[in-house]
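One structure below.
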Amino acid sequence: MKTIATIIIGFLAFGITASNAQIIPKPPKTPNTTSSTSSSYSMSTSSSGDNVQSTNVSISVSNSDRAYTLKARCSSSKMKEVKTFLLKEMGRNNLTTTGGQYNWEANSNKNRVYDISVSNKRLTMFIDKEVASTSLVRKFEDMGLIIRSIISGDNDQGNTQREADQMQREADRMQRDADRMKKEATRMQRAADKDNSKNYEEDAIRFEAAAKRMEEDAKQMEEEAKHNGGVPNIVKLLLDAPKTNYANKFVGANTNWVWPSFQKAVISKLIKDGFIKNERNINFTKDHTGMYINGEKLTIYQEKRYNQLFNEHRVFDGRDFSFHKKGTHIIVISGPIKVERFFENLKDEGYITSLAEKFKLEINGDTIVHNGVALSKEKVAIYNGLLQKNGIIPAPGKIIEIIKKDNYQVGYNLKGRGLLGTFVMND
């Protein structure tokens, strides 16, 4: 049996395209109790003008194996938005208020699980990863992304963008609930088979039907959010990752890179047509319903003109396409792609001997790394030609891999939290 999952845009827990896409979860790794890795993000800005009071913004994030911490300072108006957001996300459980300050705190067996403190201009968030559940840790990390967006003003779309993001989070929750109901239905069915119980079997059928309805509702909500400019959390996390940095990339001559000239052309056209003011934040989506730029749907006439760019640059001739840009970081996903045929082409040309051998390509923008070794310009040109022939757009941070015989993946990995791309599995 062959399974092909194509993810054009996805959440951390599930996929959202019209082609039954899904995020493929990775098996959890055994926690490492002797070492810790950490990443941090910080920013600060200030602005002033005639009759305008100076404002300062600072955000710092520390995310290690043991804890997640976010500290921020900003204007009272921005912090008011943060308070509203946190009330919606955290509710009033474990909440105490003193004047204008809100504090959420939870403890377990005298261990601090998390605490959040937000005043008129300051915010601190902390969660202990060694005590809190995985789902709660992810919730805090996801909330951190949204809070950074609210405070830093990265969104050109403002409230509209955040509303779309909220829709995506709701869809995410619905999908997780649907997954839990599916597991419960499976458990009930096993119990029915073991005990020969009709009641268990009827309950299992009801749970399965309810899970299916919830899953369909989640996908519909997600699609609407995507069209309104919502950005999935997995995309936001990847756009902060060093591996997706596009600055000064694709500089090699005669290596068949197809993306650089297309990106330059499409951004120039988007600015000229008034869809974006600058190239800092771009969310370009193409699916069976049309084209969308930062939440704005193109007319049929406008679509034709952008499709001409795709054709002129020989970038992509399929149905689904997504391009996300934040600063100098980019994500490019397209589908459907011909991943099996790509590996068959490599075998036919003599670059691999078997479709079961260890094989991993990593696109870093300057070259292509094969099983840890950088390819020559000649090989890069050949591989890029074969990737293009099979609908795979090379971009920094992408991996193309044979997992095992007849099992392949193409896309972006995010530290065991899933794959944004295409996964092909043959049983």
(message) Exactly one of these conditions fails for residue 423: (1) at pLDDT 90 or above; (2) under 29 Å from residue 283 (Cβ atoms); (3) open to solvent by 10 Å² or more (accessible area, probe 1.4 Å). Give me its number.
(response) (1)
(message) Against the conditions (1) within 19 Å of residue 238 (Cα to Cα); (2) at pLDDT 90 or above, where does residue 369 fall short? Just the number, please.
(response) (1)
(message) Would you confirm whether or not region 283-299 contains a residue that is touching an Asp or Glu at 6+ places or on another chain (Cβ under 8 Å) and more than 24 Å from residue 235 (Cα to Cα)?
(response) no
(request) Could you please let me know if residue 243 is modelled with pLDDT of 75 or more and within 30 Å of residue 364 (Cβ to Cβ)? (result) yes
(request) Within region 254-266, track down each residue that is polar (S, T, N, Q) and either free of Cβ contacts under 8 Å to residues at least 24 places away in the same chain or open to solvent by 50 Å² or more (accessible area, probe 1.4 Å) (or both). (result) 254, 256, 261
(message) I want to confirm something. Restricting to region 267-298 and keeping residues that are in a helix (DSSP H, G or I), open to solvent by 20 Å² or more (accessible area, probe 1.4 Å) and not hydroxyl-bearing (Ser, Thr, Tyr), which single residue is modelled with the lowest pLDDT?
(response) 272
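The values are calculated or read from the model by the stated rules, or taken from the named source; none is laboratory data. Quick caveat: nothing in here was measured; it's all calculated off a predicted structure. Note that each Cβ is placed from the backbone with ideal geometry, even for glycine, and that neighbours are counted across all protein chains shown. Ligands, DNA and RNA are excluded from the accessible area calculation, which covers all protein heavy atoms including side chains. Shrake-Rupley method; radii C 1.70, N 1.55, O 1.52, S 1.80 Å.
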